[in-house]
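Below is one structure, written out as C-alpha coordinates; comments come after it.
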Amino acid sequence: MAYHGPSYGLSRECQMKSQAKFDLTRARESCDWVEGVTGLTLDWPTSDGLVDQLAFGHALKDGVALCTLMNVLLPGAVPRISTMKAPFKQRENLELFLKGCENYGLKSQDLFQVNDLYENKNLYMVVDCLFALGGLAQKRGFDGPVIGVKVAMENKRNFSEDKLKESQKIIGLQYGSNKGASQAGMTAYGTGRQIIPGEAQKIVSTDSHKIIGLQSGSNKGASQAGMTPYGAPRQIIPDECVKKNKQNRERSSLPHSVEDVSHDSLGSHDEDSASSAVDEDSYSQSSVTEQEIGIGDSGDYER
(Lines give C-alpha, C1' and ligand atoms only; values in the text may rest on other atoms or scores of the structure.)
Protein backbone atom coordinates (compact mmCIF):
# COMPACT_ATOMS: atom_id res chain seq x y z
CA MET A 1 0.00 0.00 0.00
CA ALA A 2 1.36 3.37 -1.02
CA TYR A 3 1.84 6.04 1.60
CA HIS A 4 0.20 9.27 0.55
CA GLY A 5 1.23 11.34 3.53
CA PRO A 6 -1.06 13.46 5.68
CA SER A 7 -4.23 14.91 4.17
CA TYR A 8 -5.22 18.57 4.27
CA GLY A 9 -8.24 20.64 3.41
CA LEU A 10 -11.11 18.81 1.74
CA SER A 11 -9.26 15.48 1.66
CA ARG A 12 -8.74 15.68 5.40
CA GLU A 13 -12.41 16.49 5.97
CA CYS A 14 -13.55 13.52 3.85
CA GLN A 15 -11.12 11.25 5.70
CA MET A 16 -12.46 12.33 9.08
CA LYS A 17 -16.07 11.78 7.95
CA SER A 18 -15.16 8.29 6.73
CA GLN A 19 -13.54 7.44 10.03
CA ALA A 20 -16.59 8.70 11.92
CA LYS A 21 -18.90 6.37 9.96
CA PHE A 22 -16.86 3.27 10.85
CA ASP A 23 -18.55 1.22 13.57
CA LEU A 24 -16.17 -1.10 15.40
CA THR A 25 -19.00 -3.28 16.74
CA ARG A 26 -20.41 -3.98 13.30
CA ALA A 27 -16.89 -4.57 11.97
CA ARG A 28 -16.31 -7.21 14.66
CA GLU A 29 -19.60 -8.93 13.80
CA SER A 30 -18.69 -9.05 10.11
CA CYS A 31 -15.24 -10.48 10.86
CA ASP A 32 -16.77 -13.16 13.09
CA TRP A 33 -19.20 -14.05 10.31
CA VAL A 34 -16.39 -14.38 7.75
CA GLU A 35 -14.44 -16.65 10.09
CA GLY A 36 -17.55 -18.71 10.88
CA VAL A 37 -18.48 -19.28 7.23
CA THR A 38 -14.99 -19.89 5.82
CA GLY A 39 -13.42 -21.58 8.83
CA LEU A 40 -10.31 -19.39 8.44
CA THR A 41 -8.56 -17.31 11.06
CA LEU A 42 -7.93 -13.74 10.02
CA ASP A 43 -4.40 -12.40 10.20
CA TRP A 44 -4.41 -9.51 12.70
CA PRO A 45 -1.50 -7.10 12.86
CA THR A 46 -1.26 -7.52 16.65
CA SER A 47 -2.24 -10.12 19.18
CA ASP A 48 -5.01 -7.85 20.47
CA GLY A 49 -7.10 -8.68 17.43
CA LEU A 50 -9.56 -6.10 16.06
CA VAL A 51 -8.85 -2.89 17.94
CA ASP A 52 -9.41 -0.26 15.24
CA GLN A 53 -10.26 0.18 11.59
CA LEU A 54 -6.62 -0.18 10.50
CA ALA A 55 -6.53 -3.71 11.93
CA PHE A 56 -9.79 -4.44 10.07
CA GLY A 57 -8.27 -3.31 6.77
CA HIS A 58 -5.07 -5.25 7.37
CA ALA A 59 -6.97 -8.52 7.93
CA LEU A 60 -9.03 -8.34 4.73
CA LYS A 61 -6.91 -6.38 2.25
CA ASP A 62 -5.24 -9.47 0.68
CA GLY A 63 -8.68 -10.73 -0.47
CA VAL A 64 -8.05 -14.39 0.38
CA ALA A 65 -10.72 -14.60 3.10
CA LEU A 66 -13.23 -12.68 1.00
CA CYS A 67 -12.76 -14.87 -2.07
CA THR A 68 -13.09 -18.00 0.08
CA LEU A 69 -16.34 -16.57 1.51
CA MET A 70 -17.68 -15.98 -1.98
CA ASN A 71 -16.89 -19.55 -3.05
CA VAL A 72 -18.80 -20.91 -0.03
CA LEU A 73 -21.89 -18.85 -0.83
CA LEU A 74 -21.67 -19.34 -4.60
CA PRO A 75 -19.43 -22.27 -5.55
CA GLY A 76 -17.15 -21.47 -8.48
CA ALA A 77 -17.59 -17.71 -8.17
CA VAL A 78 -13.80 -17.20 -7.87
CA PRO A 79 -12.03 -19.90 -9.90
CA ARG A 80 -8.53 -19.09 -8.67
CA ILE A 81 -7.49 -17.42 -5.42
CA SER A 82 -3.96 -15.97 -5.35
CA THR A 83 -2.01 -16.22 -2.10
CA MET A 84 0.89 -14.08 -3.25
CA LYS A 85 1.77 -10.95 -1.25
CA ALA A 86 2.23 -8.84 -4.36
CA PRO A 87 -0.02 -5.78 -4.34
CA PHE A 88 -1.44 -6.39 -7.81
CA LYS A 89 -2.36 -9.98 -6.87
CA GLN A 90 -4.13 -8.81 -3.75
CA ARG A 91 -6.01 -6.20 -5.78
CA GLU A 92 -6.96 -8.89 -8.26
CA ASN A 93 -8.48 -10.98 -5.47
CA LEU A 94 -10.58 -8.01 -4.35
CA GLU A 95 -11.81 -7.41 -7.90
CA LEU A 96 -12.81 -11.08 -8.24
CA PHE A 97 -14.70 -10.89 -4.96
CA LEU A 98 -16.66 -7.84 -6.10
CA LYS A 99 -17.49 -9.48 -9.41
CA GLY A 100 -18.67 -12.62 -7.57
CA CYS A 101 -20.93 -10.44 -5.32
CA GLU A 102 -22.49 -8.89 -8.39
CA ASN A 103 -23.14 -12.33 -9.92
CA TYR A 104 -24.62 -13.48 -6.63
CA GLY A 105 -27.28 -10.76 -6.89
CA LEU A 106 -25.86 -7.93 -4.80
CA LYS A 107 -26.71 -4.44 -6.04
CA SER A 108 -24.01 -2.12 -7.26
CA GLN A 109 -24.76 0.48 -4.56
CA ASP A 110 -23.92 -2.10 -1.89
CA LEU A 111 -20.43 -2.76 -3.29
CA PHE A 112 -17.19 -0.92 -2.50
CA GLN A 113 -14.15 0.07 -4.52
CA VAL A 114 -10.82 -1.73 -4.32
CA ASN A 115 -9.04 1.32 -2.91
CA ASP A 116 -11.66 1.67 -0.20
CA LEU A 117 -10.27 -1.49 1.38
CA TYR A 118 -6.73 -1.73 0.10
CA GLU A 119 -5.80 1.86 1.01
CA ASN A 120 -8.12 2.14 4.06
CA LYS A 121 -10.11 5.01 2.58
CA ASN A 122 -13.71 3.98 3.22
CA LEU A 123 -13.64 0.90 5.40
CA TYR A 124 -17.22 1.44 6.58
CA MET A 125 -18.37 0.58 3.04
CA VAL A 126 -16.67 -2.82 3.34
CA VAL A 127 -18.64 -3.50 6.51
CA ASP A 128 -21.89 -2.46 4.83
CA CYS A 129 -21.10 -4.74 1.89
CA LEU A 130 -20.62 -7.76 4.18
CA PHE A 131 -23.91 -7.05 5.98
CA ALA A 132 -25.76 -6.75 2.65
CA LEU A 133 -24.16 -9.99 1.47
CA GLY A 134 -25.27 -11.77 4.64
CA GLY A 135 -28.87 -10.58 4.16
CA LEU A 136 -28.88 -11.77 0.55
CA ALA A 137 -27.47 -15.15 1.63
CA GLN A 138 -30.44 -15.61 3.99
CA LYS A 139 -32.83 -14.90 1.14
CA ARG A 140 -31.13 -17.48 -1.09
CA GLY A 141 -31.46 -20.14 1.58
CA PHE A 142 -27.96 -20.27 3.06
CA ASP A 143 -28.09 -22.51 6.16
CA GLY A 144 -24.82 -21.37 7.76
CA PRO A 145 -24.11 -18.43 10.10
CA VAL A 146 -26.17 -15.35 9.38
CA ILE A 147 -25.57 -11.63 9.59
CA GLY A 148 -27.63 -8.60 8.73
CA VAL A 149 -31.30 -8.37 7.83
CA LYS A 150 -32.86 -10.88 5.48
CA VAL A 151 -33.82 -9.43 2.14
CA ALA A 152 -37.58 -9.62 1.57
CA MET A 153 -38.91 -12.11 -0.90
CA GLU A 154 -40.84 -10.88 -3.93
CA ASN A 155 -44.59 -11.23 -3.53
CA LYS A 156 -45.99 -10.51 -6.94
CA ARG A 157 -49.76 -10.14 -7.35
CA ASN A 158 -51.64 -11.08 -10.49
CA PHE A 159 -54.87 -9.15 -10.88
CA SER A 160 -57.43 -9.57 -13.63
CA GLU A 161 -58.17 -6.88 -16.18
CA ASP A 162 -61.54 -6.06 -14.60
CA LYS A 163 -59.95 -5.66 -11.18
CA LEU A 164 -57.38 -3.26 -12.55
CA LYS A 165 -60.09 -1.15 -14.21
CA GLU A 166 -62.01 -0.90 -10.94
CA SER A 167 -58.93 0.46 -9.23
CA GLN A 168 -58.89 3.39 -11.64
CA LYS A 169 -62.23 4.60 -10.24
CA ILE A 170 -60.82 5.17 -6.77
CA ILE A 171 -58.96 8.36 -5.89
CA GLY A 172 -55.86 7.44 -3.95
CA LEU A 173 -55.09 9.03 -0.62
CA GLN A 174 -52.01 10.62 -2.18
CA TYR A 175 -54.33 12.98 -4.07
CA GLY A 176 -56.19 14.04 -0.94
CA SER A 177 -59.92 13.84 -0.27
CA ASN A 178 -62.81 16.30 -0.66
CA LYS A 179 -65.06 14.29 1.74
CA GLY A 180 -67.82 13.90 -0.85
CA ALA A 181 -68.06 17.58 -1.73
CA SER A 182 -68.87 18.63 -5.30
CA GLN A 183 -69.53 21.78 -7.31
CA ALA A 184 -73.17 20.94 -8.04
CA GLY A 185 -75.43 24.02 -7.72
CA MET A 186 -72.55 26.48 -7.49
CA THR A 187 -72.78 29.85 -9.24
CA ALA A 188 -71.07 29.91 -12.61
CA TYR A 189 -67.81 31.83 -12.89
CA GLY A 190 -68.37 35.51 -13.69
CA THR A 191 -72.02 35.77 -12.61
CA GLY A 192 -73.30 37.99 -9.82
CA ARG A 193 -73.52 36.91 -6.24
CA GLN A 194 -76.70 35.00 -5.41
CA ILE A 195 -77.81 35.90 -1.88
CA ILE A 196 -80.86 33.60 -2.03
CA PRO A 197 -80.49 30.05 -3.42
CA GLY A 198 -82.35 29.11 -6.59
CA GLU A 199 -84.90 26.85 -4.90
CA ALA A 200 -85.68 29.47 -2.25
CA GLN A 201 -86.34 32.14 -4.89
CA LYS A 202 -89.41 30.23 -6.06
CA ILE A 203 -90.97 30.45 -2.59
CA VAL A 204 -90.16 34.12 -1.92
CA SER A 205 -92.83 36.61 -3.07
CA THR A 206 -92.12 39.49 -5.44
CA ASP A 207 -92.61 42.08 -2.68
CA SER A 208 -89.63 40.72 -0.82
CA HIS A 209 -87.36 41.73 -3.71
CA LYS A 210 -88.05 45.38 -2.89
CA ILE A 211 -86.34 45.01 0.48
CA ILE A 212 -82.59 45.25 0.66
CA GLY A 213 -81.26 42.53 2.89
CA LEU A 214 -78.69 43.25 5.57
CA GLN A 215 -76.23 41.06 3.69
CA SER A 216 -76.21 43.61 0.86
CA GLY A 217 -75.57 46.54 3.20
CA SER A 218 -77.61 49.72 3.64
CA ASN A 219 -77.26 53.32 2.36
CA LYS A 220 -79.68 54.67 5.02
CA GLY A 221 -82.13 55.99 2.41
CA ALA A 222 -79.57 58.01 0.45
CA SER A 223 -79.91 58.26 -3.35
CA GLN A 224 -78.22 59.95 -6.29
CA ALA A 225 -81.16 62.16 -7.16
CA GLY A 226 -80.09 65.68 -8.08
CA MET A 227 -76.44 64.79 -8.45
CA THR A 228 -74.41 66.22 -11.31
CA PRO A 229 -74.07 63.75 -14.19
CA TYR A 230 -70.68 62.19 -14.69
CA GLY A 231 -68.47 64.40 -16.87
CA ALA A 232 -70.47 67.61 -16.41
CA PRO A 233 -68.63 70.79 -15.24
CA ARG A 234 -68.62 71.63 -11.58
CA GLN A 235 -71.56 73.84 -10.47
CA ILE A 236 -70.73 76.08 -7.53
CA ILE A 237 -74.27 77.63 -7.37
CA PRO A 238 -77.35 75.35 -7.59
CA ASP A 239 -79.77 75.73 -10.49
CA GLU A 240 -82.54 77.33 -8.39
CA CYS A 241 -80.19 80.02 -7.07
CA VAL A 242 -79.08 80.81 -10.61
CA LYS A 243 -82.70 81.36 -11.67
CA LYS A 244 -83.40 83.70 -8.71
CA ASN A 245 -80.26 85.74 -9.40
CA LYS A 246 -81.28 86.10 -13.02
CA GLN A 247 -84.74 87.33 -12.03
CA ASN A 248 -83.25 89.85 -9.57
CA ARG A 249 -80.95 91.22 -12.24
CA GLU A 250 -83.87 91.63 -14.63
CA ARG A 251 -85.91 93.46 -11.99
CA SER A 252 -83.03 95.78 -11.07
CA SER A 253 -82.61 96.83 -14.71
CA LEU A 254 -86.29 98.08 -14.91
CA PRO A 255 -87.22 101.71 -13.79
CA HIS A 256 -88.94 102.16 -10.40
CA SER A 257 -92.70 102.70 -10.38
CA VAL A 258 -94.55 105.49 -8.49
CA GLU A 259 -95.59 103.11 -5.79
CA ASP A 260 -92.02 102.04 -5.24
CA VAL A 261 -90.83 105.66 -5.08
CA SER A 262 -93.57 106.69 -2.63
CA HIS A 263 -92.86 103.65 -0.56
CA ASP A 264 -89.17 104.51 -0.47
CA SER A 265 -89.83 108.14 0.45
CA LEU A 266 -92.20 107.17 3.21
CA GLY A 267 -89.73 104.75 4.48
CA SER A 268 -86.98 107.38 4.57
CA HIS A 269 -89.27 109.93 6.31
CA ASP A 270 -90.14 107.42 9.01
CA GLU A 271 -86.49 106.72 9.52
CA ASP A 272 -85.67 110.47 9.94
CA SER A 273 -88.48 111.01 12.44
CA ALA A 274 -87.39 107.99 14.41
CA SER A 275 -83.80 109.26 14.59
CA SER A 276 -84.88 112.75 15.73
CA ALA A 277 -87.02 111.25 18.49
CA VAL A 278 -84.06 109.26 19.71
CA ASP A 279 -81.91 112.45 19.82
CA GLU A 280 -84.50 114.34 21.89
CA ASP A 281 -84.80 111.53 24.39
CA SER A 282 -81.07 111.34 24.81
CA TYR A 283 -80.85 115.17 25.36
CA SER A 284 -83.58 115.18 28.00
CA GLN A 285 -81.91 112.35 29.86
CA SER A 286 -78.56 114.17 29.86
CA SER A 287 -80.09 117.43 31.22
CA VAL A 288 -81.83 115.58 34.00
CA THR A 289 -78.72 113.93 35.12
CA GLU A 290 -76.81 117.22 35.21
CA GLN A 291 -79.48 118.83 37.44
CA GLU A 292 -79.59 115.84 39.74
CA ILE A 293 -75.83 115.90 40.11
CA GLY A 294 -75.91 119.66 40.76
CA ILE A 295 -73.46 121.02 38.26
CA GLY A 296 -73.76 124.85 38.04
CA ASP A 297 -72.59 127.38 35.52
CA SER A 298 -69.20 127.57 37.04
CA GLY A 299 -68.92 123.78 37.11
CA ASP A 300 -68.76 123.58 40.97
CA TYR A 301 -70.83 121.17 42.98
CA GLU A 302 -73.74 122.66 45.03
CA ARG A 303 -73.66 121.77 48.66
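The set of residues in region 102-128 being over 23 Å from A55 (Cβ atoms) and surrounded by 15 or more Cβ atoms within 10 Å (Cβ to Cβ) consists of Y104, L106, D110. Take the conditions (1) out of contact with any Cys (no Cβ under 9 Å at 6 or more places or on another chain); (2) assigned to a helix (DSSP H, G or I); (3) under 26 Å from D62 (Cβ atoms); I147 misses just one of them, which is (2). Just checking, does region 154-172 include any residue being modelled with pLDDT under 85, open to solvent by 80 Å² or more (accessible area, probe 1.4 Å), hydrophobic (A, V, I, L, M, F, W, C) and more than 30 Å from D128 (Cβ to Cβ)? Within region 154-172, one or more residues are modelled with pLDDT under 85, open to solvent by 80 Å² or more (accessible area, probe 1.4 Å), hydrophobic (A, V, I, L, M, F, W, C) and more than 30 Å from D128 (Cβ to Cβ). Between L106, L117, the distinction of being at pLDDT below 95, within 49 Å of the chain's Cα centre (by Cα) and outside any helix (DSSP H, G or I) belongs to L106 only.
Taken together, the criteria place N93 among residues that are in contact with a Cys (Cβ under 6 Å, 6 or more places away or on another chain) and assigned to a helix (DSSP H, G or I). Residues of region 1-54 that are at pLDDT 90 or above, within 51 Å of the chain's Cα centre (by Cα) and small (G, A, S): A27, S30. So is F88 aromatic (F, W, Y) and touching a helix residue (DSSP H, G or I) at 6+ places or on another chain (Cβ under 7 Å) or not? No: the conditions fail for F88. When restricted to residues that are touching a residue at least 60 places away in the same chain (Cβ under 8 Å) and more than 14 Å from F112 (Cβ to Cβ), region 52-68 contains 1.
The values are calculated or read from the model by the stated rules, or taken from the named source; none is laboratory data. Here the structure is a predicted model, which means the values were calculated and not measured. Counting neighbours? That spans all protein chains shown, and the Cβs are built from the backbone with ideal geometry, glycine included. Side chains are part of the model used for accessible areas, which takes the heavy atoms of the whole protein and leaves out ligands, DNA and RNA. Shrake-Rupley method; radii C 1.70, N 1.55, O 1.52, S 1.80 Å.
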